[in-house]
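Presented below is the structure to which this report refers.
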Amino acid sequence: MMKDNVENKVGVDAMNVKFSARDVQVYYGDNHAIKDVNVDILDKTVTAFIGPSGCGKSTFLRSLNRMNDTIPICRVEGDILLDGEDINAPQVDPVQLRAKVGMVFQKPNPFPKSIYDNIAYGPRIHGLARNKAELDEIVEKSLRRGAIWDEVKDRLDAPGTGLSGGQQQRLCIARAVATEPEVLLMDEPCSALDPIATAQVEELIDELKASYSVVIVTHSMQQAARVSQKTAFFHLGNLVEYDDTTTIFTNPRDTRTESYITGRIG
Amino acid sequence: MSPLILLAIVLALTVAGYVMGRQRAVGSVDDVRKLHSLPNFYGMNVAMLAFVPAVLLLAIWVIVQPLVVAGQVRGDIPDTLYETRGELSLVMSDVQRVASGLDTAIAQGVLAPGDIEGLDATTVRDTLGGVGVALGSDVSEEVLAAALDYRATSNTGDWVRTVVVLVVAVAGFLYAYLGTSGTLRARNRVETGILILLITAALIAILTTLGIVLSLLFNTIEFFGLYPADEFFFGTTWSPSFGGGSQLGILPLLWGTLYISLIALAVAVPIGLFAAIYLSEYASSKVRSIAKPMLEVLAGIPTIVYGLFALLTVGPLLVGIFGDGGILGVGWMQGGTAVMTAGLVMGIMLIPFVSSLSDDIINAVPQAMRDGSYGLGATQSETIRQVVMPAALPGIVGAILLAASRAIGETMIVVLGAGAAARLSLNPFDAMTTVTAKIVSQLTGDADFASPEALVAFSLGMTLFVVTLALNVLALYIVRKYREQYE
Amino acid sequence: MTDATNTGSLYDVDARTKKRNAAEKRFRIYGMIAIGLGLVFLVALLSTIVVRGIPAFQQTKLTLPIALPEETLDKSGVRDIEVMKKVSTFGYNPLIEQALADALDANGIENPFEDAKGLKPILSSSAAAVVRDEVLANPELVGTTHTFEILAASRVDGYLKGRVTRESVARDNNIDAAHFDVVDALRDAGIIAKGFNFDFITGADASESRPEQAGIGVSMLGSLFMMFVVLGLSLPIGVAASIYLEEFATQNRFTDIIEVNISNLAAVPSIVFGILGLAVFIQFMHLPQSAPLVGGLVLTLMTLPTIIISTRASLKAVPPSIREAALGIGASKMQTVFHHVLPLAMPGILTGTIIGLAQALGETAPLLLIGMVGYIASNYPDGVASGFLDPNSAMPAQIYEWAKRADPAYYERAWGGIIILLVFLMTMNILAVILRRRFERRW
């Protein structure tokens, strides 16, 4: 088993590590979905998780902000440390964790509320604004960061569900950054979008890495190559290889990685 | 000939048609495989044409003939016997009673068929009383004459019916039988026949609605001919008296209906909604698999049981708390039947209705919506209150409207639990009555259907029908729109 | 900007999160309370029914040897039934009262009243008729002493069941506390005893003054005949209508109207169907009032939408591949439906029909309007035709009738009737569940 998983210490600056996972196992009922994953995810970096469907990349991503808690049959073992603190420790409230580790989903899922209320939802529940003016400020700042401010600034009261797919996804990204997270998890954020909207979102991801640690799950190798600095390749629940994106795509060490990026498995 | 014997003859013809049609088809070719359809279809074709038109005709005839005959006889009755249409219908029912009494007398051998013409009106009552047909008063010459006319016309009608039905049956039989040959597309014919039957069945739904609307409408129009419509809709007093001089204002009844429904919803909506939320969002599958069916048991209990529960258990219990000498010593409640009694029990009845509808609707909210909220660090209750509920709101409003329509139309609980006094009061511990309860009380017992006191029930029914229909249409529309949003 | 949530350690739960979690807990508790209340209501309802209804299945009876002297019952001595019929129940009453007084003597119990007639309130007023019927059926009993089992009066029955107390009869004209002294002694002597009440299940309704004699059997037959009508009409019509709508109808205005109609009919208050029945079947078509046939017709119209809706769901659940397979080998559309789709949908259709029937069985309101209430169901129908056409009651209507009567002894009957009704409903629903489990198919 251990042979399947590489030790990833390549050029990692300990001070720069945001997430560090050690011997993580995830089970869905009897199904061992994630096996012995060890990985260090860096701050202010875009990390891509790639691999064939069902390889566990989304499952692992969801265990980084304990979204797996919402699935009753799911069980996570091993240590996942955020800034050195175990996120699965009993005294940790997942609610607080998720405020620090935001998430963007595969399908844009704006709430059936106005654009303004979609963004303001997170700050409101976490009590980030003391008054309306502050909230307005947060909403504007978030929409700007989501690169959608110019498109919606005149219709903040319109329902978020009325936007186009690409706009909806950028709205969801803006919604996620509104709570001032430190990490942004993105689960195939472009899979439901057309190429133009995809380009917009990818551009946005590139800007976001200045402030956040971004983890993106994608099944598109081109996308991983375009947006990420680090890439992790998952296969059948194992983390096969984790390295600089350029290394993974030009000079993979593992034959499985090579087979995948050359299109022989997938 | 009685319709049953006629039916039996037609049935015999049908069976014969099946056997003979099948034989003729098989006999018409040297190899059964050369037939266009399976042999059975040829039999069915003949059977169908012998049976369906004749029986259909028979059914219509049986229903229509008494109406036609009654209409004709009605013309014979001299207008000295009646002043209003109501009195005319009373005379007509006497006529029909005498006519059917004479039939009974002949059947029992008390009278010979030949005696009928020479009957003396003064002895008819005793004669009929002897065969168990009791008449309310002595029979007048005119009524007896009309009754004899009624009998004669009916008998003629029966003979014509027998002949016509038999002719139609034989004609259908012969047409199909003679047309049977190996090339006849018997299957297509039979299937067309079946399809027409299927469509007819589907039309029964429309006929039912039509029947409801027409029976309510005609009687309501008749009622408004006897009692002014504006006094019905805006009158604040309900005091029917069969002796005349009734005041039939619907407002106290509507108020009682509304008040009881409001209390019922005040009980059912919070409990039902929270139960649905708990079951769909929190409960483990084990709790759900036990609690959900148990709540649904409440929905399967007949309303008469709830009525009895209100009358005999909840009413006395409430009197023990709110009545004179009750635990609270407030003396608000005089008797066990009250708005509160009926409302509470109806609320219990509606809990599963609200909870299962809301459960469906909450489950229809996509999981992605919840994930989005959890991903931002919302707790489960924040997600439910601020994301799931607003998303489900239209559907839940629809569910509440459906529950309201149920509450307004509920009968047994209010008949037994609400009381009989129509009053406009704000005290929920007073006895009040409702539209449905008054429909029951005006139409049961020996009411004369021509009096405004009985006819008012149809107007009440019409009001009830219109209100519940409007609520249902609105609710179904809202729920459908809601469903489409997430499909 | 306050940034309290994001800067602190994950290990410290901040005040705001604590508050939010408390709100979370409260919300969850509201849900539990709601479920709890629902279940409490259910338990309260069911336990009331059981506690108050079970006594109806017990009835107090006296076992009395009654002398049947020839001089009062058949003076002529020829045992001619027609002659013996001339002795009415009034002739039998003194005999029974005397028999009771003799029984007191024989057991050394003192009769606190002047004469045997004083004991009359202990006996059901039906006793004389029971004895008379028995004697007329067996004339050879005259001149002998025969032991009869006769009903005790409902007050006595209530006394033994704890429903009637000595205090509560203080102002009762019918019976005194002194009678209860006699009853206590008779019970100790074994003459008066409670036994299982078969007559309640199989018997006929009785007049207002004889609750001890009333049974639900005749109205059970009324319900049975109604259910025959409902099953016989609503199943074929419902299935035919569903097949048309689901398999043949093209999407057009006409079909839309039918569909909207059906979903609206399903929500029309049941009392409105009663009005329909009254106006159409009784006023217009002159079908007999109070007849199970009419009740069945009304309930058919009421159940049809339910059956159509569940039947269509069952038909829809049959995958299109089955239809394509049949059509592909040259079956006609009609053959496809009747040979393949319908048999596969049948378990679902039957389940829906049983549930619809159960609904119809418990329905009361429409029956009030077509005269099935107020009619005293005291005679068994004497044949199938009369079962459909003669006036009768139905179980829920009978329960309502009892609930309206003044004597609280009838309340016990009403609750008992509910137990029987619920047993039927439960059986039907369990049958439906078994049918679904047994034949459920997952495609």
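The values are calculated or read from the model by the stated rules, or taken from the named source; none is laboratory data. All values derive from a computational prediction rather than experimental measurement. Note that we place each Cβ from the backbone using ideal geometry, even for glycine, and neighbour counts take in every protein chain shown. For accessibility, only protein heavy atoms count, side chains too; no ligands or nucleic acids. Shrake-Rupley method; radii C 1.70, N 1.55, O 1.52, S 1.80 Å.
Miscellaneous remarks
- Gaussian network model of chain C, springs between alpha carbon atoms under 10 Å - residue of C:Arg312, C:Arg20, C:Arg210 with greatest fluctuation: C:Arg20
- Shape call, the protein assembly as shown: gyration tensor on alpha carbons, a/c limit 1.5: prolate
- Anchor A:Lys209: lysines whose Cα lies under 25 Å away (excluding residues fewer than 8 positions away in-chain): A:Lys9, A:Lys18, A:Lys44, A:Lys57, A:Lys100, A:Lys107, A:Lys141, A:Lys153, A:Lys230
- Residues in region B:284-303 that, when all protein chains are in place, have 10 Å² or more less accessible area than the chain alone would give (probe 1.4 Å): B:Ala291, B:Met294, B:Leu295, B:Val297, B:Leu298, B:Gly300, B:Ile301, B:Pro302, B:Thr303
- GNM top mover of C:Ala267, C:Ala185, C:Ala397 - chain C, alpha-carbon springs below 10 Å: C:Ala267
- Computed about the Cα centre, the dipole magnitude for the protein assembly as shown is approximately 3620 debye when only Lys and Arg (+1) and Asp and Glu (-1) carry charge, each at its Cβ.
- Accessible surface ranking that places the most exposed of C:Glu412, C:Glu70 first, with a 1.4 angstrom probe: C:Glu70, C:Glu412
- Surface composition of chain A: carbon plus sulfur atoms contribute 50% of the solvent-accessible area (1.4 Å probe, protein chains only, all chains present).
- Region C:217-439: C-alpha gyration tensor shape, a/c 1.5 cut-off, then a/b vs b/c: prolate
- Cα centroid separation - region C:150-194 against region C:90-119, whole Å: 15 Å
- In region B:342-422, trypsin sites (Lys or Arg not before Pro) in a DSSP loop with at most 16 other beta-carbon atoms within 10 Å: none
- Interface between chains C and B: roughly 6500 Å² of accessible area buried, both sides summed (probe 1.4 Å, protein heavy atoms only).
- Mean per-residue shielding of peptide C:245-255 is 2, counting Cβ atoms of other chains within 10 Å of each Cβ.
- R0 of 30 Å, Cβ-Cβ distance C:Glu70-C:Glu149: FRET efficiency to nearest 0.05: 0.85
- Per-residue surface analysis assigns A:His219 an accessible area of about 100 Å², computed on protein heavy atoms at 1.4 Å probe radius.
- The phi torsions of region C:363-368, fed into the Karplus equation with coefficients 6.51, -1.76 and 1.60 and a -60° offset, translate into couplings of 6, 10, 3, x, 5, 4 Hz, rounded to whole numbers, with Gly and Pro shown as x.
- Using a 1.4 angstrom probe on protein heavy atoms only, the contact between C and A buries about 2000 square angstrom of accessible area, both sides summed.
- Within 10 Å of the Cβ of each residue in C:9-17, the mean number of Cβ atoms contributed by other protein chains is 6.
- Nonpolar atom fraction for chain C, defined as the carbon and sulfur part of the 1.4 Å probe accessible area, stands at 60 percent.
- Estimated at the nearest 10 Å², the accessible area of B:Trp255 is 70 Å² with a 1.4 Å probe.
- The gain in end-to-end length when the B:Val160 to B:Val397 segment is fully stretched comes to 79.4 nm, 0.36 nm per residue minus the alpha carbon separation.
- For A:Glu241, the residues 5 or more places off, or on other chains, whose built amide H falls under 5 Å of its own are A:Phe233.
- With protein chains left intact and a 1.4 Å probe, residues in region B:47-177 average 52 Å² of accessible area per residue.
- Quarter of the Cα convex hull surface for region C:129-189, i.e. its orientation-mean projected area (nm²): 5.4 nm²
- Calculated FRET efficiency for the pair C:Arg441/B:Phe234, C-beta based, R₀ 60 Å, to 0.05: 0.55
- Cα long-axis angle, helix C:342-362 against chain C (0 to 90 degrees, to the nearest 10): 40 degrees
- For chain C, modelled as a GNM whose springs connect Cα atoms under 10 angstrom apart, the maximal fluctuation among C:Pro292, C:Pro236, C:Pro381 occurs at C:Pro236.
- Accessible area per residue, Å², region B:358-429 with all protein chains present, probe 1.4 Å: 27 Å²
- Note, ³J(HN,Hα) from phi for region B:25-35, Karplus 6.51, -1.76, 1.60, rounded to Hz, x at Gly and Pro: 5, 5, x, 7, 10, 7, 10, 4, 5, 7, 5
- Those trypsin sites (Lys or Arg not before Pro) in region B:155-254 that DSSP places in a loop and that have at most 13 other beta carbons within 10 Å: B:Arg185
- Protein heavy-atom accessible surface, 1.4 Å probe, per residue over chain C: 44 Å².
- Label point distance in nm, B:Lys481-C:Val78, each placed 7 Å from Cα along Cα→Cβ: 8.9 nm
- A Förster radius of 56 Å, combined with the Cβ-Cβ distance separating A:Ser220 from B:Ala266, puts the computed FRET efficiency at roughly 0.55.
- All C-alpha pair distances within chain B, sorted into 20 Å bins from zero, spread as 17, 32, 34, 15, 1 percent across the bins.
- The value for region A:2-261 of Rg(Cα) / (2.2 N^0.38 Å) is 1.00.
- Using a simple spin-label model with pseudo-atoms 7 Å out from Cα toward Cβ, B:Gln108 and C:Ala15 lie 9.5 nm apart.
- In degrees, nearest ten, helix B:285-300 long axis to first principal axis of chain B (Cα): 50 degrees
- Overall form of chain C per C-alpha gyration tensor (a/c, 1.5; a/b vs b/c): oblate
- Using a probe of 1.4 Å, the accessible surface attributed to C:Met395 totals some 0 Å² when neighbouring protein chains are kept in position.
- The charge dipole of chain A, taken about its Cα centre with unit charges on the Cβ atoms of Lys, Arg (+1), Asp and Glu (-1) only, comes to about 400 debye.
- The protein assembly as shown, helix-only ellipticity at 222 nm - DSSP H runs n ≥ 4, -39,500 (n - 2.57), divided by all residues, nearest 500: -19000 deg cm²/dmol
- B/A buried area, accessible surface, summed, 1.4 Å probe, Å²: 1500 Å²
- C:Ser47 paired with C:Ala106, simple spin-label distance in nm, labels 7 Å along Cα-to-beta-carbon: 4.5 nm
- Across A:Lys35, C:Lys316, the residue with the most accessible area heads the list, and the full order at a 1.4 Å probe is C:Lys316, A:Lys35.
- Evaluating 6.51 cos²θ - 1.76 cosθ + 1.60 at θ = phi - 60° for every residue in region A:60-73, the Karplus couplings come out as 5, 4, 5, 7, 6, 10, 6, 5, 5, 4, 6, 9, x, 8 Hz, glycine and proline recorded as x.
- Against the criterion of solvent-accessible heavy-atom surface with a 1.4 angstrom probe, A:Asp69, B:Asp138, A:Asp43 sort, most first, into B:Asp138, A:Asp69, A:Asp43.
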